[in-house]
Amino acid sequence: MLPPLPLPSSEHFGPIQTGTESSAAPEGGPRMFWRDRGWLLWATFLGFFASAHSIRRDEFFPFGESAGDQLLDAGNDQTQRLDLSAPLLFYDRSFNSIFINTNGFVATEEPTSESTYLGKMPPSFGMIAALQGDLDTSEGVGKVFFRQDSRPDILRRAAEHINRAFPSSDEVDPSHAVVVTWVDVASHTPQTRGDGIEKRRNSFQLVLASLQKASYAILLYARDGIQFSSTLVKGSDVIMHAGFSEGLVQGFWYSSQGPYYRTMMDDESSVRDLAEQTNSGQRGVWVYEIGTSPSFSDVVPGQVTDLPTEPPPPLPLATEPSRPLNTDGQVKYDPGQIEIHSNQYQPPQPHYPEVVELDETEINVDVFSYNFGTCANNRNKCSQFADCRDYSSGFCCHCRPGFYGNGIQCVAEGKPQRMNGKVHGRVFVGNSPYPVELGGVDLHSYVVVNDGRSYVAISDIPETLGPSLLPLSALAGGIGWAFALEQPGYKNGFSIIGGEFTREAEVTFQPRNEKLIIRQEFKGADELDHLVVKTTLEGKVPEIPRGSSVKMGSYAEIYQYGANLITSSSTRDYEVTMPDRPTETRTYQWRQTIIFKSCQHDDSMREVKPSQTLNVDQVLVLYDRNNKILRYAMSNKVGDVNGGGPEENPCFTGGHGCDNNAICRPGQGAQFTCECAVGFVGDGRRCDDIDECRENPQSCGYNAVCNNQPGTFRCECEDGFQFGSDGRNCVEIDRPVNHCEEGTHDCDVP
C-alpha cells in the first residue's frame with residue numbers, strides 16, 4: 001500500500017463560509033376563476049397539470065404599466081438604477097440598490113460596458129443573469145419592465161414557487177419582491193447571421209423575493225418565449241448565459257474573481273431546456289436561494305426536478321366566445337383560448353453527462369435491496385456487527401453499540417478506515433487534442449476517524465496529467481465525507497448510508513467552462529474490511545504546467561438529504577504558482593449526486609437532518625513526479641448549515657490526542673475521555689491490537705486457520721477446503737478424480 005501523506009500544517013487559505021438552510025413548503029400554483037359552471041370539471045383537471053405543462057407568458061407575474069412597472073429606456077445596453085425599500089442579499093453581501101440592464105440581467109453595482117463581459121463571463125461586477133446576451137429594444141422592438149412590489153398577492157405567489165421548490169425545508173414568507181420582465185427582446189445586430197433571427201424574440205422574467213435573512217431568485221421561461229439561444233459578439237455566435245456571479249471580491253492585498261454559479265451549460269439545447277425543465281416542480285420555473293445572512297456558503301438550487309405526466313385534457317362541458325380580458329404588454333385569456341400541450345416533452349440527449357437532481361421516490365438503485373421478508377429468513381443480510389429487527393412492512397438492520405453504519409455495513413467506532421480501488425478514464429488536458437488514458441491505476445486511502453483527517457494517494461499518474469489534477473481534491477472527498485468528524489446531532493456519510501452507494505459529480509472550471517465528470521461506485525468492504533471504490537474520469541481540465549504547485553482554500557459544502565438521494569454543490573478556489581510566472585487564483589464549480597438504497601421500513605432516514613454542511617480545511621495537494629503519485633490530504637467535519645456556535649470540546653475539534661484507534665467520548669464543557677476501539681486494548685491514549693487468534697484459539701471452526709488483523713481477525717480455510725453452509729467450519733473440496741493419473745483405473749494392461 002502507498003504510505004499515507006503526513007497531515008499538513010494548520011495554515012488556512014481563508015475562513016470557511018457556512019450557508020443558511022433553504023426554506024420551503026407545500027405545493028401551490030396559479031389560481032383561475034371560472035364564471036361558468038361548465039368549467040368546473042375543466043378546472044379540476046387543469047389543477048393537476050398546472051405544474052406539468054410549460055408556463056405561458058400570461059402565467060408570468062403581472063407586468064406592464066397597469067402592474068405599476070417602470071419602463072427601461074429603449075436601445076442596446078441600457079441600464080437604470082433601482083433603489084430598494086428592503087435590501088437584497090446576494091452571496092454574503094447586502095445591497096440597497098440594483099441595476100436593470102437590457103441584456104437580460106440585473107447587476108448589484110453599475111455594470112461596465114457590455115464589451116467587457118459579453119463572451120467573457122464571469123463579469124467583474126455582481127450579476128444575476130436571467131438570460132444574458134447582446135439584446136436590443138430599439139425602434140419599438142421589445143420592452144423591459146421592472147418594479148418593486150410588496151402586495152400580498154405577489155408575495156404569496158412568490159412564496160408558493162419557493163416553498164414548492166424546497167419541500168423539505170421550513171416555509172418562507174417573503175416581505176419584498178422585485179419583478180423584472182424582458183418582453184419580446186431581440187438580438188442586437190442580427191442582420192449578418194442570415195438565419196432568420198431578426199424575426200425571433202425572447203421573453204422571460206426574473207423575480208427577486210427577499211425576507212429578513214434570505215433572498216431568492218425565481219426565473220420564468222415561457223415555452224414559446226425562447227426563440228433564439230445565442231447572440232453575435234464580435235462576429236461570433238455566443239451562447240446566452242444564465243446564472244449568478246459575485247463579481248470581483250476584494251481581498252486583503254488584491255481583488256480576485258468571486259464564485260460564478262451557472263444554471264445552464266454552454267449549448268443551445270441547454271437554453272431551450274430552460275422552458276422545458278425545472279427545479280421547482282413547474283416546467284419553465286426555476287428557483288434558487290442566492291443569499292443568506294449572517295453567513296453564506298453557495299447558491300442553492302430548488303430540489304424538485306420531477307414532473308407528473310401530462311394527461312390528455314378533457315373537453316370542456318361548455319364553451320363561450322373567447323376574447324382577451326385586457327392588454328398592457330401582457331395578454332390574459334379566457335379559458336377557451338388556453339392552448340393545452342398534452343404531449344410529454346422529451347428533452348434532447350445532451351452531448352455530455354449531466355448531474356441532475358432526481359426524484360428520490362422513483363430511483364431504482366441496485367446497490368443493495370431490502371425485501372419484504374422477516375429477520376428469520378434474512379438475518380445473514382445484516383452485518384455480523386448488526387442486529388436484525390422486524391417491522392410491519394419488512395425488516396431492517398441496525399449496528400450494535402460500539403459500531404456505526406447502515407446495518408448492512410458496520411464498522412467499529414474510532415477505528416481508522418482504509419479504502420482501495422482502481423481509477424479509469426480519458427482526460428483531455430488544456431488544448432491537447434489527445435486524451436490521457438488511465439487504465440485502472442491504484443487508489444489507496446486512509447482516514448483517522450476520530451479527528452476527520454483523510455489521505456488519498458493515486459499511483460501511476462503521468463506527468464502530462466498529474467499537475468492538472470491537483471485542484472481535484474474532491475477525488476478524496478467521498479471518503480472524507482463518509483468518515484468526517486461529527487458535530488453534536490449530525491452524522492457523517494457512512495453513519496447514514498453505509499459503504500455501498502454511487503457518486504457522480506460534475507466539475508466546471510472557470511472561466512473557460514472545461515468540464516470533468518467524476519463517477520465513483522462504492523462497493524462496500526472486501527475480505528480485509530477495506531472499502532472498495534471504482535473511479536472513472538471523463539472530460540477536460542485546464543492545464544497546469546509541470547513544476548507548478550497548487551494551494552487549495554478551505555470550503556463548505558451543503559449536503560441535501562432524501563430517502564435515496566443526496567445532492568450538494570459548492571464553489572472552490574485554488575491558487576496556482578507556476579515557475580517564473582505570477583500566482584493565479586482560479587475557481588471551479590462542483591455539483592454532485594449520491595444515490596443509495598435505504599431501509600424504508602423504519603424511521604432512520606426521517607431522523608437525519610435534511611441539510612448538513614461538510615466543512616473541509618487543512619487541504620494539501622501534491623504531485624510526486626519522480627514516483628508519479630498524486631496525493632491529497634484534508635480535514636473534514638460535518639455539522640450545522642448555519643455554522644452554529646464554536647464547539648470547545650476537543651472531541652468535536654479533533655484536538656483530543658487520543659490514539660488513532662480510539663474513540664473520543666465528550667464530557668461536560670471541555671472534558672473528554674479516550675476509549676480504545678473494539679479489537680484494541682489500552683488507556684485510550686495508546687491502544688494496542690488484541691490478538692484474538694492467540695487469546696481464543698477456538699475462534700475459527702474445523703479445518704480453518706485464524707489470521708489476526710488490526711482490530712479484528714479472519715478465518716481462512718486450509719488448502720483443499722472451503723467454507724461449509726454454516727460459514728464457520730471448512731469442508732473438503734470435492735474434486736473429480738483422474739483415475740489415469742492416480743493409477744486407479746481398471747483398464748486392461750497390455
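Highest average first, the peptides 210-219, 388-397 ordered by how many other beta carbon atoms sit within 10 Å of their residues are 210-219, 388-397. In this structure the amide hydrogen of Ala386, modeled in the peptide plane, comes within under 5 Å of the amide hydrogens of Arg400, none closer than 5 places in sequence on its chain.
Close Lys pairs in segment 524-646, defined as Cα atoms under 25 Å apart and 8 or more places apart or on different chains, number 10.
The gain in end-to-end length when the Asn513 to Lys609 segment is fully stretched comes to 31.2 nm, 0.36 nm per residue minus the alpha carbon separation. Our estimate of slack between Ser269 and Ser138, defined as 0.36 nm per intervening residue step minus the Cα-Cα distance, is 44.4 nm.
Listed by chain and number, the lysines whose C-alpha is less than 17 Å from the C-alpha of Lys199, apart from same-chain residues fewer than 8 away, are Lys143.
In this structure, Gln600 and Asp442 have a Cβ-Cβ separation that, at R0 = 35 Å, corresponds to a calculated FRET efficiency of about 0.45. If both residues of a DSSP beta bridge must be in segment 415-645, then about 85% of such bridges are antiparallel. Evaluating 6.51 cos²θ - 1.76 cosθ + 1.60 at θ = phi - 60° for every residue in segment 525-535, the Karplus couplings come out as 9, 8, 5, 9, 6, 9, 5, 10, 9, 10, 10 Hz, glycine and proline recorded as x. Here's how it looks for Val185: its modeled amide H is under 5 Å from those of Lys143, Asn202, which are all 5 or more places away or on a different chain. Rounded to the nearest 0.05, the FRET efficiency derived from the C-beta distance between Asp387 and Lys523 at R0 = 25 Å is 0.55.
Per-residue counts of other Cβ atoms within 10 Å, averaged by peptide: what ranking do you get for 545-554, 427-436, 562-571, 403-412, highest first?
For the peptides 545-554, 427-436, 562-571, 403-412, the packing ranking is 403-412, 562-571, 545-554, 427-436.
Taking amide H as placed 1.01 Å from N in the peptide plane, Glu276 has its amide H under 5 Å from the amide H of Gly284, each at least 5 places away in sequence or on another chain. Gain on full extension, evaluated as 0.36 nm per residue between Thr577 and Asn627 minus their Cα-Cα distance, stands at 15.9 nm.
No value in this document is a laboratory result; all are computed from the given coordinates. Values in this document were obtained by computation on a predicted structure and should not be read as measured data. With ideal geometry, Cβ positions are generated from the backbone for all residues, glycine too; neighbour counts draw on all protein chains shown.
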